[in-house]
Amino acid sequence: MKLTYFLRPKDNLKLLAKKGVSEVIIGTLDHSRLGEFNSQQAIEAAKLAKSLGLKTVLLCDALVGQREFDSFAKSLSEMTPFFDAARALDPGVMQFLFDHTDIALHFVADTGNHNLVGLKAWEDYFADRLERIVLSIELSKESLNHIIPKLKTPCELLVLGRILLFHSPRALLSPLSGEASDQSWIDAVGASEESPHKGFPLVENKQGSFMFLAKDFCLAEQLKDLRDMKLDFMRLDPTGCEPEVALKVVDDLLSDQPEKAKDSWPNLVIRGFYGVNKSDVLFKKLKNPSRDKTHAIAEVLDTRKGDPVTVRVLDGAKLHSGMKIEMVSPDGKKKQIELKWIRDLNGNNLEQANENMIVSLPPIGSATCKALIFDVNNL
Amino acid sequence: MTKNQKFPIPELLAPAGSLEKLKTAVLYGAGAVYLGGQKFGLRAAADNFNQEQLRKAVSFAHAHGSKVNVVLNAFLHDSDFVGLSDFASELKMIGVDAVIVSDLGVIKTVLEAGGPEIHLSTQASCLNASAAKLWKSMGVSRVVLGREASLADAAIIKNESGLEVEMFVHGSMCMAFSGHCVISNYTQGRDSNRGGCAHSCRHEYKIALNQSEQEKNAFFMSSKDLEGLRLLKEYVEAGVDCLKIEGRMKSVHYAGTVTKVYAEALAHYQVHGNFLSDRIEEWANELRKVHHRAYTQASLVEPAGQDSIHNGQDGEGVESAVAGPIVAVTNDAMVIEVRRKFHDGEELELVPFQGPVQVFKASKLRSLSDMPLTETKPGSLVKIALIPGASEHVLVRSTGL
């Protein structure tokens, strides 16, 4: 498994090459979300990296609006000859690189690409031009095990670095500094006033505003797993790490004891969803189970103590006089009664009430609005 | 675009969080509605539609000349695909007009299942013609552009891609690029791209700017709401095929009122070829009567700037003044499901499906068992004297804000 490194202007390329880094990812202020190089610096860095035997990847993972697209594409075309590969997130940028350059392509699939069907479709589309797929850190170990062997394309995964939570194209920090946004780099830290979460690193730059998790992502202790999965590239994003510390982390990751990288890393770390991704299991708690209308036949609309209960017959259901019903209130209380009568809103007795009709039923003790009515025979 | 007219207009697509909201939106003029099934969408907490309700929804909408689009716009993990293929086939069989999808895996599955036509969700952040052409080759027939796209962008994307283009015209906005926010995933354990968004962007934050070491409290990630009413001419001129109203989780009052405003404005254009109606201020005023944050035109003309940030509490916008929708009409009364207290003799407004609001005084206020009442309580059903224009699903509201 090779190590690819997200390069910063302050990093020492010679030392990185000496330590065994295989490849550097070089991002510019104009083309990438969080790259810090200007175009000329990026080209110079690429030249030096190549001379040191390192492979070079141009990071162009900005999301690009139509109004900027032509100038973005033009400047990108001027950059690509200096690099071995280019990686993009915006499908429009990928398509441009595919159509107008010969450079090897890396598809950044770290947002919204969490299934094999979709990843294989991207792989088929870009075909032999696709050199690598950058996988999402939201994929669990089980998912990675399922996906990686089934893709023809080599895969890459972040093993140590910041977790990007939010990216807006709007300038959100400069208004707080009292200065107009001049597209310079602003760093800040945020704490939620409405939840216990704090320490979110924040950045504003030319590409907009970013928020990161307070803890960084780390799979240093899981590198054996990743090797067993035949993951081809692990990525180190040293943002927030001094260059000499980053070199130590590189040493650790490429050593026989890669787990040491976790201790060398200056920030707290988590494994994210690597163990298991259960970020959908809480959804059922968003709904009140007493409000599950799947088998309900009517819903209480109005009730007053001692008065008839007004209900709406739900879609596809019927009420008929004499049937036995159970009322379930929103707090889960249940009560069964027999429908001795059903009346329409003009007070006429009905034998049957069809779907969507609003009708009155005999008083039901403790009836409440929004309570659901079920047919006892179908419980 | 609605064709065969002197002045063709875009389709108006309204949110339908429930069958009641669907009927309300359709009756107030939606040319199409969008809704979610029990799975595969982005509003896990919403009621959403079961199969029977989906059939009813399609039947009702089609009977009134409106289309139905179903959202399948979650980003799915492999384990989430169970049942998707059958669901897509069933949607086609039911007569659903289109599905709204973000995930390429879902697109492929819907195509293989022979499902309805596919619209690319705004969650996919399609922002340029190059991307639109790629998605076209993947099988989509329409792109819902990212909210960062301008109307000028839309015109270029439509012309260069040959795809139908849909854009938001009204409602709440993500501050992040849609589909590129995972705050809820890591802070709440709820996948925002599978329906669990906790709206953390609406929170107040304490911000420490590194260089100045000063701390400031701000709702710095909360966006104002989009209002495109005064840019309808530009939407039409850009050739936008469909105008989308956000808000499946919002109230019946919202669904009805916002749909009515945009439907009436578009109907005016259809006849006159312009939006220079005497009613433009009335329509703008109507949009201020539904729950909202401060309005912005966001990035429709220029990239959204500092004035697009809603630096305040979520929901501090003007409160709705809805008294309730009419749920039934009897021989001599209209039955109102009360959402806000009103009293006998109070001046109310009836919001007809078409045309100006009618002001009337509530009289003969009584319970459903015909006991006279002096005032109502929210959550109850009451009768008031019938007035012309009253019918099921018509909204009744207070005159004051």
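Quick notes on this one:
- Checked against the criterion of being assigned to a helix (DSSP H, G or I) and farther than 21 Å from B:I107 by Cβ, the range A:159-174 contains one or more residues that satisfy it.
- Hey, A:V24 buried (at least 23 other Cβ atoms within 10 Å of the Cβ) and touching a Leu at 6+ places or on another chain (Cβ under 6 Å) or not: yes
- For A:Y5, the conditions (1) in a loop (DSSP other than H, G, I, E, B); (2) within 25 Å of the chain's Cα centre (by Cα) are fulfilled apart from (1).
- The set of residues in the range B:365-401 being surrounded by 15 or more Cβ atoms within 10 Å (Cβ to Cβ) and of a type in the set (K, R) consists of B:R366, B:K383, B:R397.
- Among the residues making up the range A:345-372, a single one is part of a strand (DSSP E or B) and farther than 22 Å from B:T330 by Cβ: A:L372.
- Residues considered: A:M211, A:M234. Of these, the only one that is in contact with a strand residue (DSSP E or B) (Cβ under 6 Å, 6 or more places away or on another chain) and more than 14 Å from chain B (Cβ to nearest Cβ) is A:M234.
- Enumeration of residues in the range B:15-33 that are closer than 13 Å to B:H253 by Cβ and buried (at least 24 other Cβ atoms within 10 Å of the Cβ): B:P15, B:G17, B:K21, B:T24, B:A25, B:Y28
- Against the test of being surrounded by fewer than 18 Cβ atoms within 10 Å (Cβ to Cβ), in contact with an Asp or Glu (Cβ under 9 Å, 6 or more places away or on another chain), away from chain B (no Cβ under 14 Å) and more than 30 Å from B:F81 (Cβ to Cβ), the options A:S75, A:S51 yield a single qualifying residue, A:S75.
- Filter result (touching an Asp or Glu at 6+ places or on another chain (Cβ under 9 Å) and more than 7 Å from chain A (Cβ to nearest Cβ)) within the range B:179-199: B:S184, B:C197, B:H199
- From A:L350, A:L345, residue being over 30 Å from A:S136 (Cβ atoms), in contact with a His (Cβ under 9 Å, 6 or more places away or on another chain) and not assigned by TED's automatic domain parsing to the domain that holds A:I137: A:L350
- Any hit, the range A:124-134, residues being basic (K, R) and within 10 Å of another protein chain (Cβ to nearest Cβ): no
- Qualifying residue in the range B:354-364 (condition: surrounded by 14 or more Cβ atoms within 10 Å (Cβ to Cβ), within 22 Å of B:V290 (Cα to Cα) and either touching a helix residue (DSSP H, G or I) at 6+ places or on another chain (Cβ under 9 Å) or among the aliphatic types (A, V, I, L, M) (or both)): yes
- Scan the range B:167-178 for residues that are part of a strand (DSSP E or B) and at the interface with chain A (Cβ under 8 Å from one of its Cβ atoms) and the total you get is 0.
- Residue within the range B:360-374 that is in contact (Cβ under 8 Å) with a residue 40 or more places away in the chain, away from chain A (no Cβ under 13 Å) and not acidic (D, E) present: no
- Residues located in the range A:7-43, provided they are in contact (Cβ under 8 Å) with a residue 60 or more places away in the chain and β-branched (V, I, T): A:V21, A:I25
- Residue within the range A:136-152 that is small (G, A, S) and part of a helix (DSSP H, G or I) present: yes
- Scanning the range B:189-238 for residues that are assigned to a loop (DSSP other than H, G, I, E, B), buried (at least 18 other Cβ atoms within 10 Å of the Cβ) and not aliphatic (A, V, I, L, M) turns up B:R190, B:D191, B:G195, B:G196, B:C197, B:H203, B:E204, B:F219, B:F220, B:S222, B:K224, B:G228.
- Restricting the range A:175-193 to residues that are among the charged types (D, E, K, R) and either within 16 Å of A:L165 (Cβ to Cβ) or surrounded by 13 or more Cβ atoms within 10 Å (Cβ to Cβ) (or both), the residue that is modelled with the lowest pLDDT: A:E193
- Residue check, A:V300 touching a helix residue (DSSP H, G or I) at 6+ places or on another chain (Cβ under 8 Å) and in contact (Cβ under 8 Å) with a residue 60 or more places away in the chain: no
- The residues in the range B:268-314 that are of a type in the set (K, R) and under 30 Å from A:Q207 (Cα atoms) can be counted, and the count is 1.
- Selection of the range B:253-310 for residues being among the acidic types (D, E) and either free of Cβ contacts under 8 Å to residues at least 12 places away in the same chain or assigned to a helix (DSSP H, G or I) (or both) yields B:E264, B:D278, B:E281, B:E282, B:E286, B:D307.
- Looking at A:D128, A:D90, A:D124, just one residue is without any contact (Cβ under 8 Å) to a residue 60 or more places away in the chain and closer than 29 Å to B:M175 by Cα, and that residue is A:D90.
- Residues that are assigned to a strand (DSSP E or B) and surrounded by fewer than 22 Cβ atoms within 10 Å (Cβ to Cβ) within the range A:289-299 comprise just one, A:E299.
- Given (1) more than 30 Å from A:I186 (Cβ to Cβ); (2) at pLDDT 95 or above; (3) in contact with a Lys or Arg (Cβ under 9 Å, 6 or more places away or on another chain), index of the condition B:L229 fails: (3)
The values are calculated or read from the model by the stated rules, or taken from the named source; none is laboratory data. Quantities reported herein were computed from a predicted structural model and do not represent experimental measurements. So basically every Cβ, Gly included, is an ideal-geometry build from the backbone, and we count neighbours across all protein chains shown.
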